[in-house]
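Visitor: Before I ask anything, let me first share the structure, which is written out below as structure tokens.
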Number of protein chains: 2
Amino acid sequence: MNAFNDLQRVMNTAADLGAAASVLGWDQETYMPDGAVQGRADQMGTLSTIIHETMTGARATEIAERVRVEMGSYPEREQRISRVFLRDHDLSRKLPAEHVEDMARTAAMAQDAWKRARAASDFTIFQPLLQHIVDLKRRESELLGPSEHPYDVHLDQFEPGLTVAGLTPVFDELRRGTVELIKAIEPRQHAVSDDVLYRTYPASHQQDVATSIISKLGFDLSIGRVDLSAHPFCTNFGNRDVRLTTRIRPNDLRSCLFGLIHEAGHGMYEQGIADDLNRTSAGGGASMGIHESQSLFWENVVARSEEFWSWALPILRERFPEQLADQTARSFYCAINTMRPSLNRVESDELTYNLHIILRFEIERDLIAGKLSVSDIPEVWNEKMRSSLGVVPPNDAEGCLQDVHWSFGGIGYFPSYTLGKLYAAMEWNAMQEAISGVREQIANGRFDEILSWLRTNIHSYGRTELPDEIIRRVTGRPLTAKDFLDYVGAKARDVYGI
Amino acid sequence: MNAFNDLQRVMNTAADLGAAASVLGWDQETYMPDGAVQGRADQMGTLSTIIHETMTGARATEIAERVRVEMGSYPEREQRISRVFLRDHDLSRKLPAEHVEDMARTAAMAQDAWKRARAASDFTIFQPLLQHIVDLKRRESELLGPSEHPYDVHLDQFEPGLTVAGLTPVFDELRRGTVELIKAIEPRQHAVSDDVLYRTYPASHQQDVATSIISKLGFDLSIGRVDLSAHPFCTNFGNRDVRLTTRIRPNDLRSCLFGLIHEAGHGMYEQGIADDLNRTSAGGGASMGIHESQSLFWENVVARSEEFWSWALPILRERFPEQLADQTARSFYCAINTMRPSLNRVESDELTYNLHIILRFEIERDLIAGKLSVSDIPEVWNEKMRSSLGVVPPNDAEGCLQDVHWSFGGIGYFPSYTLGKLYAAMEWNAMQEAISGVREQIANGRFDEILSWLRTNIHSYGRTELPDEIIRRVTGRPLTAKDFLDYVGAKARDVYGI
């Protein structure tokens, strides 16, 4: 009877309580009555306290020490699971309870202040709380360090193993290639119209057709479901209960359709995690970046391809015959692939999106390093927007106040979005070598082999490998911007005729 | 700093975890995908283990002992809350973990066996598991006793303070009065038609109008909501988040409308519990019987009165003009108050219902006392049906296999239903003395004074008083069948002209 059996019980308890907290979170965003907010906050607070105690208390610490001594003799699967637990355990132990509480309390206030600041377009309303968050995050660099760059520990929380030193050359290459493409497209902006996306599409039809499409992609509705919420998300309680949400805008076809395909990409990842990782620390996605690589693979690589629309346009047209009467797969494909610098990260396209991320990465890195003051953010933001995207926000609401992330302390999170794009392009190249005729399969509405490949090569592993290990195993290479630049460059040439 | 502060923290934790478990239970019955059953069972198991540990572990026991010593000096409110906690704590401590686990495991298997037995109408499929449940319950009589009658400890779990000795004369009186009324009605059965209830009523209209009516009764939808489920129920997570469910049968107007009014009666009780009892052991209803008195008060006393339908029929008719064209408040009132012996408890009427309960009470009492063998249940059931209701089930599916309760170990539960009816009639007499013109208020669709009276006299107390204390305070008298027999007799005379 080794310590792994005891560890299993600790992990099961923590996973079950985590799942319960996630059900409460899902309920809060979908069906909970407005008047129930305070009670729900109490319930969530109690659950997170007990989860923390389960993962880091005396019993867990005693088991962790025994596992650390013994694990060399475990079968490989148990070693890998133990490694993930120890990583979570050690990370949690390094952050004192007072620090975690201060962060939680500050985040609650900061989210409120951020909303008010954005509504008033007044950064100074948010500034003192953001300052406190940055101070806490700088303290975390000490608590979790030492590391080569103080921002590394924050990258590591979302993308285990990622460092400033590793990311900088990749982002440099990405920026150069992106800026070149934007310049090349600019004179051809008139060549593509996306009017079709903004016609009137009745809400219930939008949800029906989007749900039908994700089901055909492979999202399993017998172990998952779709509901409405203000902000779309994917959450799960083990691999057999995966919930997606969507929102519907009657005058914007993208929000529900592409939003739901995106969330279904996350959802299929969770549905594909191996059963034996359920209720262990190694259940769940490997990292935010790998998770985004799955959502973006389906949303962009698959569902923004011309092949996909040669199959899907007739399906969409059954529901919206008049709105789509003038469309061909080609015209629709062009409409959903316009590329144009804009102020808003969320609404930007595959190409220009990454410049929004690099800007945020640089600001976060410099804030944590103490090289940038919180008070200087608005000015630096606008200057970076001008120099990288060539557009300048008319106010802070449309500039440095546009994202919620900093208000909940999510510093280190943004790079994941771009990593997801880079990983997805690398995965796509590997898949094209592995599956002959994969583009034809998409054109024929056949996604089983694609999903099966993702399952076998990525999903089933859960957290048993680090992101870098996954990408090297799947593609034979470390993280690079090259595949993405080739992919998006080919698309830009195709769509804009450059 | 007395022990009550420590107790508050224990109660808060247990209440928050209990609320979380209830959210998971609600989700399971409403939206959870079918494939998620096993994971949900794991999560529920983990939560109940931690709740048990929170309520009965070393820390809780140490605090309980300090509270027991100190509580004489507490303010009355804190004394009452402490009393409820100690009651729960002591009860849980008396049942060894192995016993609780055996019961849970047996119940899970028994529910499955019961379903198969009912489908095959074969009691022998259920018999061995029911035997094990009865054995466990007889063991509980020893663990929780001593008591005057071994069944008392089971009554007490649903209706604190209730005993066989106290209940028997009340049930005897109730049976006599009921049998007399049934005999008197029998020759007049032809006088009332309830055809109107079984016309076609489209589902979405049914839900809309039922929801609108419960909102007018006083169920607060800003701290509550309505969803669909296979079996209607009310659940809550504190007093600010109360969930009702309903089911809709297009060819039966009763299921959704009266079902939802019934659940809203439970829901208004929970919404009316005093804020300071939230997150303590004294939050929640005083007993199953008092809870049923609230649901049945609204469903039967209010919503099956002629006054109510003089107000509500026009509202119902807006949605169902053709179906209700031939109805008057009088004819509709008669249709929803037919009284006729039948085989099925759930579908029976206000009058004959109680004979179904008395039959179950007698069987449970004798099983626990060892005076009746499990194998004899079908024969005894049929004999009691014949002698009390004058009808005999053609098979066990429609006889002793019709209820789910025994399969989950709910022995002692059934009497609550009839207690609810008796309490409701007693409350109604007290209310008529307290609120002048209360019948006219109902006829005018004014329910605020009624709800306010229930709030002040019953709801706000939560579990701080025992059921008997509540009923004596509110009515000045102990439990009796007299008020109910007067009430239902008056209705029978009115409807059937006897």
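Derivation of every value follows stated rules applied to the coordinates shown; laboratory data play no part. A quick note: this is a predicted structure, and the numbers were derived from the prediction, not measured. Using ideal geometry, Cβ is built from the backbone for each residue, glycine included, and neighbour counts are taken over all protein chains shown.
Visitor: If neighbour count is taken as other Cβ atoms inside 10 Å, put A:W381, B:W298 in order from fewest to most.
Guide: Ordered by Cβ neighbours within 10 Å, fewest first: A:W381, B:W298.
Visitor: Express in whole angstrom the spacing between the alpha-carbon centres of the range A:204-233 and the range A:1-29.
Guide: What the calculation gives is 26 Å, centre to centre.
Visitor: Same structure again: Going by alpha carbons, how many degrees (0 to 90, nearest 10) lie between the helix axis of B:253-271 and the longest principal axis of chain B?
Guide: In chain B, helix B:253-271 runs at an angle near 40 degrees to the longest axis.
Visitor: Moving on. Past the 30 Å Cα-Cα mark, which pairs from A:K115/A:K491; B:K115/B:K384; A:K183/A:K216; A:K137/A:K421; B:K183/B:K216? Each step should come with its number before you reach the end.
Guide: Numbers: A:K115/A:K491 37 Å; B:K115/B:K384 23 Å; A:K183/A:K216 38 Å; A:K137/A:K421 26 Å; B:K183/B:K216 38 Å.
Check vs 30 Å cut-off fails for A:K115/A:K491; A:K183/A:K216; B:K183/B:K216.
Visitor: Okay, moving on. Using the 2.2 N^0.38 Å rule of thumb for compact globular proteins, work out how the range A:100-151 stacks up: its C-alpha Rg over that value, please.
Guide: Working: Rg = 12.9 Å, N = 52, 2.2 N^0.38 = 9.9 Å.
Expressed relative to 2.2 N^0.38 Å, the Cα Rg reads 1.31.
Visitor: Can you give the helix-only mean residue ellipticity at 222 nm for chain A, where every DSSP H stretch with n ≥ 4 adds -39500 (n - 2.57) and the sum goes over all residues, rounded to the nearest 500 deg cm²/dmol? Write out the running numbers ahead of the final one.
Guide: Numbers: 20 runs with 309 residues, N = 498.
The helix contribution divided over chain A gives -20500 deg cm²/dmol.
Visitor: While we're looking at this one, here's another question. Quick one: order B:S375, B:S287, A:S331 by neighbouring beta-carbon count within 10 Å, fewest to most.
Guide: Ordered from fewest to most neighbouring Cβ atoms within 10 Å, B:S375, B:S287, A:S331 come out as B:S375, A:S331, B:S287.
Visitor: Along the charge dipole of the range B:121-498, which of B:P478, B:P393, B:T211 sits closest to the positive end, that is, farthest toward it, with unit charges on the beta carbon of Lys, Arg, Asp and Glu (+1, +1, -1, -1)?
Guide: The Cα lying farthest towards the positive end belongs to B:T211.
Visitor: Evaluate the relative contact order of the range B:3-94 (contact order divided by residue number), counting alpha-carbon pairs under 8 angstrom at least 6 apart; express in whole percent. Kindly include the intermediate steps, with their values, before the conclusion.
Guide: On the way: 50 pairs, mean separation 36.6, N = 92.
Relative contact order for the range B:3-94 comes out at 40 percent.
Visitor: Helix B:123-144 against the longest principal axis of chain B: what's the angle in degrees, Cα atoms only, rounded to the nearest 10?
Guide: 50 degrees
Visitor: Copy-to-copy spacing for A:D208, label 7 Å out on the Cα-to-C-beta vector, in nm, shortest first?
Guide: Spelled out, the distances from A:D208's label point are 1.9 nm.
Visitor: Please state, to two decimals, what the Cα-based radius of gyration of the range B:12-63 comes to when divided by 2.2 N^0.38 Å (N = residues).
Guide: My calculation over the Cα atoms of the range B:12-63 gives 1.32.
Visitor: Oh, and also: Restricting attention to the alpha-carbon atoms of the range A:1-94, what are Rg (one decimal) and Dmax (integer), both in Å?
Guide: 16.1, 53
Visitor: For the range A:399-498, state which trypsin sites (Lys or Arg not before Pro) are in a DSSP loop and have at most 16 other beta carbons lying within 10 Å of their beta carbon. Intermediate results must be reported in sequence, preceding the final value.
Guide: Numbers: sites: A:K421, A:R439, A:R446, A:R455, A:R463, A:R472, A:R473, A:K482, A:K491, A:R493; in loops: A:R446, A:R463.
Taking the range A:399-498 and a limit of 16 other Cβ atoms within 10 Å, the loop trypsin sites (Lys or Arg not before Pro) found are A:R446.
Visitor: In degrees between 0 and 90, to the nearest 10, how far off the longest principal axis of chain A does helix A:58-70 point, with axes built from Cα atoms?
Guide: On a 0 to 90 degree scale, this one is about 80.
Visitor: Can you pull a Stokes-Einstein diffusion coefficient for the range A:244-332 at 20 °C (1.002 mPa s), Rh from Kirkwood over Cα pairs, as a whole number of µm²/s? Write down the numbers at each step before the final one.
Guide: On the way: Rh = 14.7 Å.
The Stokes-Einstein estimate is 145 µm²/s.
Visitor: Jot down the per residue volume, in cubic angstrom and as a whole number, of the convex hull over the alpha-carbon atoms of the range A:111-498.
Guide: Expressed per residue, the convex hull around the Cα atoms of the range A:111-498 is 139 Å³.
Visitor: Which value, in debye to the nearest 20, describes the size of the charge dipole of the protein assembly as shown about its Cα centre when Lys and Arg Cβ atoms bear +1, Asp and Glu Cβ atoms bear -1, and nothing else is charged?
Guide: Approximately 640 debye in magnitude.
Visitor: How well do other chains shield peptide B:8-18, expressed as the mean number of their Cβ atoms within 10 Å of each residue Cβ?
Guide: Per residue, the number of nearby Cβ atoms from other chains is 3 on average.
Visitor: Another question about this same structure. Give the average, rounded to an integer, of partner chain Cβ atoms located within 10 angstrom of each Cβ in B:22-28.
Guide: That works out to 4 on average.
Visitor: Mind listing the label-point distances from B:G57 to the same position on all other copies, shortest first, one decimal in nm, points 7 Å along Cα→Cβ?
Guide: 0.3
Visitor: If you take the beta carbon distance between A:E148 and A:E379 as r and set R0 to 25 Å, what does 1/(1 + (r/R0)^6) give as a FRET efficiency, to the nearest 0.05?
Guide: Efficiency for this residue pair is about 0.30.
Visitor: Please compute the contact order of chain A in relative form: average sequence separation of alpha-carbon pairs under 8 Å and at least six residues apart, divided by the residue count, as a percent.
Guide: Relative contact order of chain A: 21 percent.
Visitor: Peptide A:36-48: average number of partner chain Cβ atoms within 10 Å per residue?
Guide: Mean inter-chain Cβ contacts per residue within 10 Å come to 6.
Visitor: Separate question: Using square roots of five times the C-alpha gyration tensor eigenvalues, list the equivalent-ellipsoid semi-axes of the protein assembly as shown in whole Å, biggest first.
Guide: Ellipsoid semi-axes (Å, largest first): 58, 34, 28.
Visitor: Ok, one more. Take the rotation relating chain B to chain A, measure from its axis to every Cβ in chain B, and name the nearest residue with the distance in whole Å.
Guide: Spelled out as residue then distance in Å, it is B:A20, 3.
Visitor: In nm, one decimal, shortest first: how far is the label point of B:G497 (7 Å from Cα along Cα to beta carbon) from the matching points in the other copies?
Guide: Between copies, matching label points for B:G497 lie 8.9 nm apart.
Visitor: Additional query: Over the range A:78-117, what portion of Cα pair distances is larger than 10 Å, expressed as a whole percent?
Guide: Counting pairs separated by more than 10 Å, the tail of P(r) holds 74 percent.
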